[in-house]
1. Report, to the nearest 10°, how far helix 160-174 tilts away from the longest principal axis of the Cα atoms in the chain, using its own Cα long axis and a range of 0 to 90°.
2. Among Tyr206, Tyr329, Tyr89, Tyr182, what is the fewest-to-most ranking by other Cβ atoms within 10 Å?
3. Starting from segment 219-300, pick out the GluC sites (Glu not before Pro) whose DSSP state is loop and whose Cβ has at most 10 other Cβ atoms within 10 Å.
4. Take segment 193-335, compute every pairwise Cα distance, and split them into 5 Å bins from 0; I just need the percent in each bin.
5. Work out how much length Leu328 to Glu142 would gain on full extension: take 0.36 nm times their residue separation and subtract the Cα-Cα distance, in nm to one decimal.
6. Simple spin-label model, 7 Å along Cα-to-Cβ: Ser301 to Glu93 in nm?
7. Rounded to the nearest 0.05, what FRET efficiency is calculated for Lys263 and Lys310 with R0 set to 45 Å and r the Cβ-Cβ distance?
8. For a quick size check, give me the Cα extents of the chain along its three principal axes, largest first, whole Å.
Amino acid sequence: MKKPVLVIMAAGMGSRYGGLKQIDPVSDRGEIILDFSLYDAMMAGFKDAIFIIRKEHRKAFDELMRDRAGKHLNIKYAFQELTDLPDGYTVPEGREKPWGTCHAVLSARKLIDRPFAVINADDYYGPDAFMKIYDFLNKSQEETAGGHGSGVGAAKPGDSEFRGRENERRAENEYTFAMVGYKLSNTLTENGHVSRGICEVSSDGYLAGITERTKIMKKDGDIVFLGEDGETWEKVSPGATASMNFWGFTKHMIGEMEKAFPKFLDQIYLNDPLKGEYYLPAAVESLIGDGKATVRVLRSSDRWYGVTYKEDKPSVTAALRAMKDKGLYPEKLWL
């Protein structure tokens, strides 16, 4: 049985930060945020990683990984290319922006043959998230592959009733996904607004919906977001569950995204041909709405860190330094 693989979305242009922020050092050892994520992933049990990058960044990532995580993880690369579209579709004239997070993951479709986790390259998620997602994917795969209970009056292997139950169980597990959820107050920056997916979670811990808020920030002691009218600031609970694009999927998600991509492209071409994107939350919500998938929300108590703005870097560096001082990480991550 193949172990889960980690898929890292690293093709983003980092427009607000002004450069290839994924490989910008955040420690006095020259480590980047991604080093900490890969270390946490390795400690959780991941042994394989797929980087989704722009082709022109291959050499930079090769050099970066060679003496770091590349010595401990099996690393492969997939290239997100604007022209990688379904038959019959072409890039609209003037479009330069990538097609979004679903398209990024689909760039690695030929390499994904097992359960996989998805993260952003430039977000610090914390060790708790990686342990929870790895355990979820591992157990889900084991349950899909086999294992059953027995007892007095239970259906036995070979019985048609047993086979029917096994098929139902496998089908359910194949479309049971996961998302790491963070406390909203643990995902903000002091230096401006951020975009977050605010999650509706059912009483039994499953994702019921995600509302994308593009401008969330701290204001006068509250957490607020800019309303749909573009003028009114509305309050949101600090304890609300936020998605940071840390997902766990079975390999069946690839096929679902491929099938849905043309429909999303049709909407993009119609409404926003130069900037519209195919987002993971939208694809997930569509499957939930159709009753085809469920998404378990794995809550993390860790704090998110990221360099959304240049001004964020000192606080991120200080936080990671403090974690090393507390023994949460070794002084040098890669030996």
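1. 0 degrees
2. Fewest-to-most Cβ neighbours within 10 Å comes out as Tyr89, Tyr206, Tyr329, Tyr182.
3. Filter output for segment 219-300: Glu228, Glu231.
4. Taking every Cα pair in segment 193-335, the percentages come to 2, 7, 13, 15, 17, 16, 14, 10, 5, 2, 0.
5. 63.9 nm
6. Going from the Ser301 label point to the Glu93 one covers 5.8 nm.
7. Result of the calculation: an efficiency of 0.75.
8. 65, 51, 43
Read the figures in this text as sums done on the coordinates, not as results from a lab. Owing to the predicted nature of the structure, the values given are computational and were not obtained by experimental measurement. All Cβ positions, glycine included, derive from the backbone under ideal geometry; neighbour counts span all protein chains shown.
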